[in-house]
Amino acid sequence: MSNYPVNMQQSPTVEPFFDPASNTISYIVADPASKACAVIDSVLDFDYAAGRTHYDNADKQIAYIKEHNLSLEWIIETHVHADHLSAAPYIQEALGGKIGIGKEITRVQDEFGKIFNEGTQFQRDGSQFDKLFSDGDTYQIGKLDGFAISTPGHTPACMVHVIGNAAFVGDTLFMPDGGSARADFPGGDAEILYDSIQKVLSLPDEMRLFICHDYGPNGRDIQWETTVLEQRTQNIHVGEGTSKAAFVKLRTERDKQLSMPKLIIPALQVNMRAGELPTDDNGNPVLKVPINGL
């Protein structure tokens, strides 16, 4: 992709953290030369039935960063997740770093601000985040070169983050035998998702791709790393030159069969606030359940 500053000579250290409760893979991405690092798609543990949060996943990442004497510079969200809550503020309080997400978060905040009847006190300008990335924005993790690619379709704010020879694709793509993200949430669009996936597939063949969720299709072990070449040739939804029309038909039919993620109601309220819990007028953490709103 000539429009983006790909640097395949840089190879970050990537440490995955798998959360079996949500089938999410979070990552610590580190610069071997400077010990700077980023956390991508962190997970806050949440017992929905009990209404209780805890921090086992985040504490593992914090411990890893401390054990390896890393310096946290970025806490990146690839999008507003619907299947887990972000631990970004908890990690930031412990280690610092800037919380970033795609600038189209404002569209997500506007859409779900209405659904959850948030009122005028809820800011819909993305100001809860430290950095709003635009398509093509570049940044540094120590000496590592990073840049963001806007990849809407699953949500308007989805972005793929390319750091050296590693790309973190969020929910845009799953492993080749898992296909692609759903496109039926508010703001989602299967045609736009197809175009976004083509951006990813036009990256260099040997680019390492790290996915955000895996469900072990057909009973295989959980996996999280693939390549652009493997996706282009083997992905069951978009591989081997699948046309946009065929993809949209497949995606639309499949999405009609999917149930809502178990944590979508709390996840959206928390994640559109950069991981902060919503509160009532007395400052107590509280969640809303919109009836027939999603």
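Here, each number is a calculation from the coordinates, and none is a lab measurement. The model shown is predicted, which means the values in this text are computed figures rather than measured ones. Methodologically, a virtual Cβ is constructed for each residue, glycine included, from the backbone with ideal geometry; neighbour enumeration extends over all protein chains shown.
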(request) Could you list the GluC sites (Glu not before Pro) in the stretch 222-291 that lie in coil according to DSSP, counting only those with at most 14 other Cβ atoms within 10 Å of their Cβ? (result) Glu240
(request) Could you work out the Rg to Rh ratio of the stretch 156-294, with Rh taken as the Kirkwood radius (inverse of the mean 1/r over all Cα pairs)? (result) 1.02
(message) Taking every DSSP beta bridge with both residues inside the stretch 13-271, roughly what % is antiparallel (nearest 5)?
(response) 70
(message) Taking 37 °C and 0.692 mPa s as the conditions, I'd like the Stokes-Einstein D for the stretch 45-190 in µm²/s, using the Kirkwood hydrodynamic radius from alpha carbon pairs.
(response) 197
(message) I want to verify the translational diffusion coefficient of the chain in µm²/s; compute it with Stokes-Einstein, Rh as the Kirkwood radius over Cα pairs, at 25 °C and 0.890 mPa s.
(response) 128
(message) From zero outward in steps of 10 Å, how is the percent of C-alpha pairs of the stretch 29-84 spread across the bins?
(response) 21, 45, 26, 7, 1
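Could you work out the helix-only [θ] at 222 nm for the chain, with each DSSP H run of four or more residues adding -39,500 (n - 2.57) and the total divided by the number of residues, to the nearest 500 deg cm²/dmol? Show your work: numbers first, answer last.
On the way: 7 runs with 70 residues, N = 294.
The helix-only estimate for the chain comes to -7000 deg cm²/dmol at 222 nm.
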(request) State the extension gain, in nm to one decimal, for the chain segment bounded by Glu191 and Thr138, taking 0.36 nm per residue of separation less the distance between their alpha-carbons. (result) 16.4 nm
(request) Over the chain, calculate the relative contact order: mean separation of alpha carbon pairs under 8 Å at least 6 apart, over the residue count, as a percent. (result) 18
(message) Going Cα to Cα from Lys66, which lysines come in below 27 Å? Please leave out same-chain ones fewer than 8 positions away.
(response) Lys35, Lys98, Lys131, Lys143
